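Working notes, structure below.
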Amino acid sequence: MNHTADRRARAEHLAKVISSRRFLEKQGLGNEVPFFICSFDPEDGVTMPEDRADLVARLGHSGVRVLDIDLYDLSLQILEDRGILGQLLDIEAETEKAELKELLQGVLDVQEHLIPAIARRIADHPHDVIFLSGIGEVYPFLRSHNVLNNLQSTAKDRPTVMFFPGKYTHALATGASLELFGLLHDDKYYRAFNIMNYEV
């Protein structure tokens, strides 16, 4: 299967799964949190926003409301709302990367700032499913496992799909593992399902 056909097949599968009653009603999860990983080839990072927008539109035509949250855009919004985006841009050039990372991790603290911002969007926008993207763009100051772990109590009522640039493997013996960009191995435990394996 060529790359374009592969992308098309993924889009078809996602639309079929997410619009299904079984998925929207969180069936077959065994009381687990309704979190799903949609991993994709990092090389598709350029086309993924367009693919995701097409998926949101297609689901909308099926009557499925999507709350589409880009973590990069949300992070910029938080920094702007807190009045520190301009300051960060001013000091970025002469600040060491490690220092900048620590600074961003502080001002974008997942528990204190990111999750409350996501919770506000959840409350303000009626939806049937949540999409989370921008994972690669916010690395390393925001980590996917940290976001998912802290989101469990906030986004448990509707399915959440995280679009992840890399690989997601899940085995009974070793647990789950996310490899960002297919290179950075992270063997943290993830309470999430591979959406490409979800059957309707």
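Close Cβ contacts (under 6 Å, 6 or more residues apart or on different chains) running from residues in region 132-149 that are within 18 Å of ALA192 (Cα to Cα) to residues that are open to solvent by 10 Å² or more (accessible area, probe 1.4 Å) and among the small types (Gly, Ala, Ser) comprise ILE135/SER144. State all residues of region 8-36 that are among the acidic types (Asp, Glu) and outside any loop (DSSP other than H, G, I, E, B); if no residue qualifies, say none. Listed by number, the list holds a single entry, GLU12.
If the requirement is being under 25 Å from MET48 (Cβ atoms), free of Cβ contacts under 8 Å to residues at least 24 places away in the same chain and exposed (fewer than 14 other Cβ atoms within 10 Å of the Cβ), which of these qualifies: GLU80, GLU102, GLU112, GLU94? One residue alone meets the criteria, GLU80.
Consider region 119-159 and keep the residues that are over 16 Å from ASP70 (Cα atoms) and hydroxyl-bearing (Ser, Thr, Tyr). The one that is modelled with the lowest pLDDT is SER153. Of LEU24, LEU85, LEU29, all but one fail to be aliphatic (A, V, I, L, M), more than 30 Å from LEU100 (Cβ to Cβ) and more than 18 Å from the chain's Cα centre (by Cα); the exception is LEU29. Screening region 28-44 for residues that are out of contact with any helix residue (DSSP H, G or I) (no Cβ under 7 Å at 6 or more places or on another chain) and among the small types (Gly, Ala, Ser) and picking the one that is surrounded by the most Cβ atoms within 10 Å (Cβ to Cβ) gives SER39.
Of the residues in region 126-142, at least one is open to solvent by 40 Å² or more (accessible area, probe 1.4 Å) and within 26 Å of ASN31 (Cα to Cα). The set of residues in region 3-27 being in contact (Cβ under 8 Å) with a residue 60 or more places away in the chain and either open to solvent by 10 Å² or more (accessible area, probe 1.4 Å) or of a type outside the set (A, V, I, L, M, F, W, C) (or both) consists of ARG10, HIS13, LYS16, SER20, ARG22, LEU24, LYS26.
The values are calculated or read from the model by the stated rules, or taken from the named source; none is laboratory data. Please read all numbers here as calculations on a predicted model, not as lab measurements. Cβ coordinates were reconstructed from backbone atoms using ideal geometry, including for glycine residues, and neighbour counts include every protein chain displayed. Surface accessibility is based on the protein's heavy atoms, side chains included, excluding ligands, DNA and RNA. Shrake-Rupley method; radii C 1.70, N 1.55, O 1.52, S 1.80 Å.
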